[in-house]
Protein chains: 2
Amino acid sequence: MQASSSAHRKEDVTPSCPIGRAGDLLGDRWTLLILRDATTGITRFDAFRENLGIADNILSARLARLVEAGVLTKVPYRDGNRTRQEYQLTEAGADLLPLLRSLAEWGNRHTTPAPGLAPMQMLHVSCGGQVSTGGVCGTCGQAVAREDEAWLRPWRSAEPVRLAMPAET
Amino acid sequence: MQASSSAHRKEDVTPSCPIGRAGDLLGDRWTLLILRDATTGITRFDAFRENLGIADNILSARLARLVEAGVLTKVPYRDGNRTRQEYQLTEAGADLLPLLRSLAEWGNRHTTPAPGLAPMQMLHVSCGGQVSTGGVCGTCGQAVAREDEAWLRPWRSAEPVRLAMPAET
């Protein structure tokens with residue numbers, strides 16, 4: 001037997017714990033911001049870059065990793081005479097919604113916003129109620145379908161934005 | 001006006017978005033693993049180090065950051081003749097439970113475990129049902145209190161482990 005060359009990690013390449021496996025992919029600030037943006041409808045490289053103020057090489061690397069992990073998928077679109085690729089959520093990417101909701105809820109509750117800023121709200125479009133981390137409407141008590149959820153982020157827009165749907169496969 | 005010296009970030013020091021603020025602290029693989037371990041009852045520096053196989057300086061830095069952010073708190077304990085510090089979750093740290101559940105659920109569903117490994121389960125102790133990301137028991141339908149939740153991680157122990165409670169303040 002040979003000592004592992006990866007002396008920093010006790011766990012195997014594939015961690016036993018699903019939190020460890022998810023954290024290997026998602027335990028990265030830029031990755032979380034990219035997934036937030038994808039969830040609110042951003043699909044194009046330039047739009048991610050513009051919105052995040054992220055360097056090209058970092059954005060490229062993160063997007064490639066998310067595509068490889070099956071969380072985003074590349075979909076061709078026409079840009080004038082050229083065919084380009086945009087990035088859409090897969091079903092696995094859409095399934096990160098509870099994670100994003102839990103970050104938003106915790107951030108609203110336990111971090112300090114800039115002064116005078118109204119908080120983010122996750123809304124049930126049909127009734128206007130607030131959606132919980134687990135996806136239940138606090139007003140009507142229904143399980144909220146993805147297509148019936150919108151996020152109000154007052155610093156971006158006065159109107160709530162419906163969530164992006166995963167790419168059709 | 002002067003150009004920002006922090007050219008990588010478009011957002012202010014305090015991001016407008018609560019997902020951004022939460023991600024600043026939590027978008028880090030080691031941080032998520034430390035919080036998972038704290039949630040399952042690990043409190044001491046040596047135990048985190050042993051369990052995670054993490055370098056001393058990295059662990060120190062992460063723990064200090066979590067204490068500064070008010071997610072962990074240092075609590076003195078006696079070790080023979082010496083007084084040492086252990087790390088316990090605060091209420092804000094305990095409030096990260098939905099985030100950890102969402103990572104576990106996503107990891108169980110969308111990542112591949114080592115062969116032959118039974119999945120992690122989040123259990124309602126009173127009835128044995130599975131706890132959802134939002135903290136509801138899938139069997140009895142009740143909202144599950146923290147003291148009534150236990151995690152079964154078969155690669156660690158044959159018995160479910162009750163969650164650590166936040167430090168008394």
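The table below lists the values:
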quantity: Relative contact order of chain B, pairs being alpha-carbon contacts under 8 Å that are 6 or more residues apart, as %; calculated: 18 percent
quantity: Label point distance in nm, residue B:84-residue B:156, each placed 7 Å from Cα along Cα→Cβ; calculated: 1.9 nm
quantity: In Hz, Karplus ³J(HN,Hα) per residue of the range A:153-169 (6.51, -1.76, 1.60; θ = phi - 60°; x = Gly, Pro); calculated: 10, x, 6, 9, 7, 6, 10, x, 10, 5, 6, 5, 8, x, 4, 6, 10
quantity: Where trypsin sites (Lys or Arg not before Pro) fall in DSSP loop in the range B:22-86, at most 14 other Cβ within 10 Å; calculated: B:44
quantity: Residues whose placed amide H lies under 5 Å from that of residue B:28, excluding near-sequence neighbours; calculated: A:28
quantity: Value at 222 nm in deg cm²/dmol, rounded to 500, when DSSP H runs of n ≥ 4 in the protein assembly as shown each add -39,500 (n - 2.57); calculated: -10000 deg cm²/dmol
quantity: Residue-averaged beta-carbon neighbours from other chains (10 angstrom radius) around B:146-154; calculated: 1
quantity: Percent carbon-and-sulfur accessible area, chain A, ignoring ligands, DNA and RNA, probe 1.4 Å; calculated: 49 percent
quantity: Phi-based couplings in Hz for the range B:40-48 (Karplus 6.51, -1.76, 1.60; Gly and Pro marked x); calculated: 9, x, 7, 10, 9, 3, 5, 6, 4
quantity: Accessible area (Å², 1.4 Å probe, nearest 10) - residue A:126; calculated: 90 Å²
quantity: Degrees between helix A:56-68 axis and first principal axis of chain A (Cα, 0 to 90, nearest 10); calculated: 90 degrees
quantity: Solvent-accessible area per residue, Å², over the range B:60-110 with all protein chains present [probe radius 1.4 Å]; calculated: 49 Å²
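The values are calculated or read from the model by the stated rules, or taken from the named source; none is laboratory data. This is a predicted model, so every value here is computed, not measured. Note that each Cβ is placed from the backbone with ideal geometry, even for glycine, and that neighbours are counted across all protein chains shown. Accessible surface is based on the protein model in full, side chains and every heavy atom, while ligands, DNA and RNA are left aside. Shrake-Rupley method; radii C 1.70, N 1.55, O 1.52, S 1.80 Å.
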